[in-house]
Amino acid sequence: HVPDRGIEELTSAPTKRMEDFCPNFDSFVSVPRHVADSDTCQAVMFMFDDLSLTKQYRIHRTTLARFVLLARKGYRDPPYHNWSHAFSVAHFTYLCLKNLRLENYLTPLEYFSFLVASLCHDIDHRGTNNSFENSSGSALSGLYSSEGSVLERHHFSQTVCILNREGCNVFENLSEKEYSAVLDIIRDIILATDLAHHLKIRKDIEAMVSQKKFDVHNQQHRYLLLCLLMTASDLSDQTKVWKNTRQVAKLIYQEFFSLGDKEKSLGKQPAEGMDRDKADIPQLQVNFLNIIAAPVYKAMEQIWPNECGVLCKQIERNISNWKTIRQKLENKEVEKTDRTIFEE
Ligand SMILES: COc1ccc(Cl)c(-c2nnc3c(C)nc4ccc(C(=O)NCC(C)C)cc4n23)c1
Ligand SMILES: [Mg+2]
Ligand SMILES: [Zn+2]
């Protein structure tokens with residue numbers, strides 16, 4: 001049951017101006033994790049309004065409020081894969097929709113689905129990963145392991161459940177045909193958040209963006225673009241100021257090391273990146289940012305050189321900061337403890 005107090009507050013609250021949420025709210029330099037937790041649901045409703053989605057799809061205020069509150073309620077509270085992550089991912093998607101003029105690259109239904117999928121893309125995440133779900137023979141792996149992307153299929157199924165709830169369906173004014181198209185788009189987008197999937201298609205993405213060949217009438221091109229932008233949103237904490245990047249890494253490794261501890265307690269040897277006794281965090285982060293994150297924003301820069309340059313520059317700064325920390329640890333200037341890695 002959606003907390004009624006929440007709906008009352010959300011629908012009757014005086015709409016805040018965007019600067020009230022955080023400075024430069026609609027610019028890539030803004031940091032969504034600086035938005036007060038108590039303002040995040042209102043900020044999400046503001047994004048739908050600001051992109052004219054509420055008007056265009058005649059979304060009833062209470063329907064939008066219920067949907068946002070249920071999405072929020074669907075998240076658990078692991079260190080990283082929680083509502084704060086979902087909000088910051090949805091915010092980056094909002095920034096792309098607005099600043100990259102995505103109405104010129106996507107169909108109207110893809111444009112609308114992208115924001116909804118971003119908000120819901122990690123619903124009911126347990127702070128695990130697909131290899132743990134599969135190796136532990138969890139209920140989710142029982143359901144989905146034959147198709148792969150176990151967690152992502154669960155996130156999608158949870159999203160459909162929310163949309164099927166009475167008075168929560170933001171797509172309620174679409175035709176049957178449009179609604180089924182939207183579910184297919186949301187499914188593709190959420191399945192694309194499996195990093196293994198991104199690693200499979202990134203050569204195709206780079207081929208498409210390098211020859212400046214993006215063709216808006218080509219369904220495969222629009223699909224690859226949506227996958228690229230969804231991964232960009234999922235990793236977008238890495239394009240923000242260093243303090244945010246460092247704090248997020250701290251949360252990610254808290255989640256990874258708890259999972260590693262759990263694997264050890266089950267008599268399994270965790271991967272090095274999940275093992276608190278082995279992980280060299282600065283080195284792991286230099287690798288992740290260089291090999292996986294930076295190429296995502298470089299691909300975007302090829303399509304939108306003016307708007308996305310700032311993202312690539314910030315990632316480079318963050319990589320160099322991790323290299324400096326790594327150097328200090330190697331020179332034994334500092335002890336390798338959380339304090340030295342994650343504090344000033
Ligand atoms: C897009 O889907 C996801 C899912 C889960 C996570 Cl945590 C992330 C994610 N978001 N930010 C980060 C940062 C800063 N570092 C990371 C370091 C390693 C890995 C990881 O999963 N490595 C194993 C894989 C390469 C086989 C993920 C990292 N990550 C993204
Ligand atoms: Mg995910
Ligand atoms: Zn995510």
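Here are the numbers:
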{"quantity": "All positions within region 128-175 that are within 16 Å of ligand 1 (Cβ to nearest atom) and either assigned to a loop (DSSP other than H, G, I, E, B) or of a type in the set (A, V, I, L, M) (or both)", "calculated": "THR128, ASN129, LEU140, GLY148, SER149, VAL150, LEU151"}
{"quantity": "Identity of the residue in region 227-276, aromatic (Phe, Trp, Tyr) and away from ligand 2 (no atom under 16 Å from the Cβ), that ends up farthest from GLU344 (Cα to Cα)", "calculated": "PHE257"}
{"quantity": "Positions within region 178-204 being in contact (Cβ under 8 Å) with a residue 40 or more places away in the chain and more than 14 Å from ligand 1 (Cβ to nearest atom), in sequence order", "calculated": "GLU178, ALA181, VAL182, ILE185, ILE186"}
{"quantity": "Single match in LEU224, LEU195 (criterion: of a type outside the set (Phe, Trp, Tyr) and within 16 Å of ligand 2 (Cβ to nearest atom))", "calculated": "LEU195"}
{"quantity": "Residues of region 157-182 satisfying the condition of being surrounded by fewer than 16 Cβ atoms within 10 Å (Cβ to Cβ) and of a type in the set (A, V, I, L, M)", "calculated": "VAL160"}
{"quantity": "Meets criteria (within 13 Å of ligand 2 (Cβ to nearest atom) and buried (at least 19 other Cβ atoms within 10 Å of the Cβ)) for PHE87", "calculated": "no"}
{"quantity": "Residues satisfying the stated conditions in region 8-38, i.e. outside any loop (DSSP other than H, G, I, E, B), at pLDDT 95 or above and touching a Lys or Arg at 6+ places or on another chain (Cβ under 9 Å)", "calculated": "PRO32, ARG33"}
{"quantity": "Some residue of region 225-236 being closer than 23 Å to THR107 by Cβ, in a helix (DSSP H, G or I), in contact (Cβ under 8 Å) with a residue 12 or more places away in the chain and away from ligand 3 (no atom under 16 Å from the Cβ)", "calculated": "yes"}
{"quantity": "All positions within region 237-253 that are in a helix (DSSP H, G or I) and either aromatic (Phe, Trp, Tyr) or out of contact with any helix residue (DSSP H, G or I) (no Cβ under 7 Å at 6 or more places or on another chain) (or both)", "calculated": "TRP242, LYS243, GLN247, LEU251, ILE252, TYR253"}
{"quantity": "Restricting region 85-127 to residues that are part of a helix (DSSP H, G or I) and among the charged types (D, E, K, R), the residue that is nearest to ligand 1 (Cβ to nearest atom)", "calculated": "GLU110"}
{"quantity": "Contacts under 8 angstrom Cβ, first residue in region 113-132 being at positive phi, partner away from ligand 1 (no atom under 15 Å from the Cβ) and part of a helix (DSSP H, G or I), 6 or more apart", "calculated": "ASP124/GLY74; ASP124/GLN158"}
{"quantity": "Helices (runs of 4 or more DSSP H) completely within region 254-344 that count 2 or more residues being of a type in the set (S, T, N, Q) and within 30 Å of LYS212 (Cβ to Cβ)", "calculated": "305-330"}
{"quantity": "So LYS203, is it within 26 Å of ASN134 (Cβ to Cβ), basic (Lys, Arg) and exposed (fewer than 14 other Cβ atoms within 10 Å of the Cβ)", "calculated": "yes"}
{"quantity": "Unmet requirement for SER135, which otherwise passes all of (1) surrounded by fewer than 23 Cβ atoms within 10 Å (Cβ to Cβ); (2) in contact (Cβ under 8 Å) with a residue 24 or more places away in the chain; (3) within 30 Å of HIS217 (Cβ to Cβ)", "calculated": "(3)"}
{"quantity": "Failed item in (1) more than 16 Å from ligand 2 (Cβ to nearest atom); (2) farther than 16 Å from THR159 by Cβ; (3) not aromatic (Phe, Trp, Tyr), with ASN82 passing the rest", "calculated": "(1)"}
{"quantity": "Filtered residues of region 39-84 (kept if without any contact (Cβ under 8 Å) to a residue 40 or more places away in the chain, assigned to a helix (DSSP H, G or I) and among the hydroxyl-bearing types (Ser, Thr, Tyr))", "calculated": "THR54"}
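The values are calculated or read from the model by the stated rules, or taken from the named source; none is laboratory data. Since the structure is predicted, the reported quantities are computational estimates derived from the model, not experimental observations. Heads up, the Cβs are rebuilt from the backbone with ideal geometry, glycines too, and the neighbour counts pull from every protein chain shown.
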